[in-house]
1. From the set of residues in the range A:37-53 that are more than 16 Å from B:Ala90 (Cβ to Cβ) and of a type outside the set (Phe, Trp, Tyr), which is farthest from the other protein chains (Cβ to nearest Cβ)?
2. Scan the strands (runs of 3 or more DSSP E) fully inside the range B:13-112 and keep the ones with 2 or more residues being more than 11 Å from every other protein chain (Cβ to nearest Cβ) and charged (D, E, K, R).
3. Which members of the range B:40-52 meet the condition of being at negative phi and free of Cβ contacts under 8 Å to residues at least 12 places away in the same chain?
4. Restricting attention to the range A:41-58, and to residues there that are over 13 Å from the mean Cα position of the chain (by Cα) and at pLDDT 90 or above, which single residue is surrounded by the fewest Cβ atoms within 10 Å (Cβ to Cβ)?
5. Go through the range A:96-109 and give me each residue that's facing chain B (nearest Cβ under 8 Å) and touching a residue at least 24 places away in the same chain (Cβ under 8 Å).
6. Identify all residues within the range B:62-112 that are surrounded by 15 or more Cβ atoms within 10 Å (Cβ to Cβ) and touching a helix residue (DSSP H, G or I) at 6+ places or on another chain (Cβ under 7 Å); write none if there are none.
7. If I go through the range A:63-116 residue by residue, how many of them are over 16 Å from A:Arg24 (Cβ atoms) and either assigned to a helix (DSSP H, G or I) or among the hydrophobic types (A, V, I, L, M, F, W, C) (or both)?
Amino acid sequence: GAVVSQHPSWVICKSGTSVKIECRSLDFQATTMFWYRQFPKQSLMLMATSNEGSKATYEQGVEKDKFLINHASLTLSTLTVTSAHPEDSSFYICSARQGNTYNEQFFGPGTRLTVL
Amino acid sequence: ELKVEQNPLFLSMQEGKNYTIYCNYSTTSDRLYWYRQDPGKSLESLFVLLSNGAVKQEGRLMASLDTKARLSTLHITAAVHDLSATYFCAVDIPDSNYQLIWGAGTKLIIKP
């Protein structure tokens, strides 16, 4: 149980294009989903927290107009990187919280974005 | 400032040896999580520690939590090569919309 999928697993795009990443909780309803970014050999950096049906809460320094998050249902959240540039290249990981007392986050497999 | 500090950040050890990774945190929290990350992969949940004195074991890994000392340990017994990975601890932030504060990670290399 508690499986989270992410799609695509990798994407290469040209500078200026937009990229959408999907995160789905496959066998549970996720009351909260999180989007992280990870640079090589570093820890996770939280970008935003999203609750189903409400606007995402972005961390300081994360541009909400650049990283659009939509949490349309209890099983789906999307991150759209708009007008991507090479500095947006990174490993993006989503996680979903099951909503029980454990507060455990289950992670998707990640999406490696390369912007040329 | 809310901080989670892991020690060591890098560890190279021989198979068969024992070692401990330490995770200190600065905030009041009763919940601590250990995750494993293999190169190029996402995070895999290892342990969820929910109360003071909690101890959990899975195979050669054992995790414990002392909320009074704000310290968790991940102990590796008779290490094997397959345990080579980066290990992260994370702490639940009270009243934070369930966000976690992450340690920097401990890169563990186990040599045959």
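1. Checked the range A:37-53; the qualifying residue farthest from the other protein chains (Cβ to nearest Cβ) is A:Gly53.
2. In the range B:13-112, B:55-58 are the strands (runs of 3 or more DSSP E) which contain 2 or more residues that are more than 11 Å from every other protein chain (Cβ to nearest Cβ) and charged (D, E, K, R).
3. Result: B:Lys41, B:Ser42, B:Glu44.
4. So, considering only residues that are over 13 Å from the mean Cα position of the chain (by Cα) and at pLDDT 90 or above, the one surrounded by the fewest Cβ atoms within 10 Å (Cβ to Cβ) is A:Gln42.
5. Once the filter is applied, which keeps residues that are facing chain B (nearest Cβ under 8 Å) and touching a residue at least 24 places away in the same chain (Cβ under 8 Å), the range A:96-109 yields A:Arg97, A:Glu104, A:Gln105, A:Phe106, A:Phe107, A:Gly108, A:Pro109.
6. Listed by number, the residues that qualify are B:Ile76, B:Leu108, B:Ile110.
7. Residues meeting the conditions: 11.
Here's the yes/no breakdown for (1) in contact (Cβ under 8 Å) with a residue 24 or more places away in the chain; (2) polar (S, T, N, Q):
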| residue | (1), (2) |
| --- | --- |
| A:Lys14 | yes, no |
| A:Ala30 | yes, no |
| A:Arg37 | yes, no |
| A:Lys55 | no, no |
| A:Glu59 | no, no |
| A:Thr82 | yes, yes |
| A:Asp88 | yes, no |
| A:Phe91 | yes, no |
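The values are calculated or read from the model by the stated rules, or taken from the named source; none is laboratory data. Values in this document were obtained by computation on a predicted structure and should not be read as measured data. Reconstructed Cβ throughout: ideal geometry from the backbone, glycine too, with neighbour counts over all protein chains shown.
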